[in-house]
1. Using R₀ = 35 Å, calculate the FRET efficiency as 1/(1 + (r/R₀)^6) where r is the Cβ-Cβ separation of ARG124 and PHE36; round to 0.05.
2. Before rounding to the nearest 500, sum -39500 (n - 2.57) across all DSSP H runs of length at least 4 in the chain and divide by the residue total; then give [θ] at 222 nm in deg cm²/dmol.
3. What list of ³J(HN,Hα) values in whole Hz, one per residue of the range 67-84 in order, does the Karplus curve 6.51 cos²θ - 1.76 cosθ + 1.60 (θ = phi - 60°) give from phi, with Gly and Pro shown as x?
4. In debye, nearest 20, what is the charge dipole magnitude of the range 31-121 about its Cα centre with +1 on Lys and Arg Cβ and -1 on Asp and Glu Cβ, if you could check?
5. Under a 5 Å amide H to amide H cut-off, with H placed in plane at 1.01 Å, what residues pair with ILE92 once short-range neighbours are removed?
6. Relative contact order of the chain: what whole-number percent is it, with Cα pairs under 8 angstrom and at least 6 residues apart?
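Every number in this text was worked out from the coordinates using simple rules, so none of it is lab data. Since this is a predicted model, take the numbers as computed values, not measurements. Please note: Cβ atoms are built from the backbone with ideal geometry, for glycine as well, and neighbour counts cover all protein chains shown.
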Amino acid sequence: MAHFSSFEDLEVYKEATLFCDDIWDIMCNTTLQQDFKLKNQINGSSGSIMDNIAEGFGRGGNKEFIMFLGISRGSCSESKAQLLRAYRRQHISEETYHTLNNKAQNLIDQLSKFINYLKKSDRRGSKFD
């Protein structure tokens, strides 16, 4: 695997950004905009996915990065739960729910694979170079 100089170059970060954009779209264009608590929660959890990837990368060490990727994965699971609530409250269609739920699951899978890769890597992180 190549060494990246920026978190913005990571494919999982790019996917997290797109997912966050998709959440923003449903927040602005559905009745979710009136469900203030749920809207704020899903906005926070979807943003946390990308934020924790960035923060972990910025720490410069694999152990810390793995920890933050785990937090990111948890935020993604939280977003999935909030999407289900949005669907059950009829803020989003079944099709939108399944599409976004699948994107979230794909992110969880990518994060898990990345965590496993880092755990097996001999490279300790950029701060040790």
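1. Working: r = 44 Å, r/R0 = 1.25.
Computed FRET efficiency for ARG124 and PHE36 comes out at 0.20.
2. -26500 deg cm²/dmol
3. My calculation for the range 67-84 gives 4, 6, 5, x, 5, 4, 4, x, 5, 5, 5, 4, 4, 4, 5, 5, 4, 4 Hz in order.
4. 220
5. So ILE92 has HN proximity to TYR87.
6. 28
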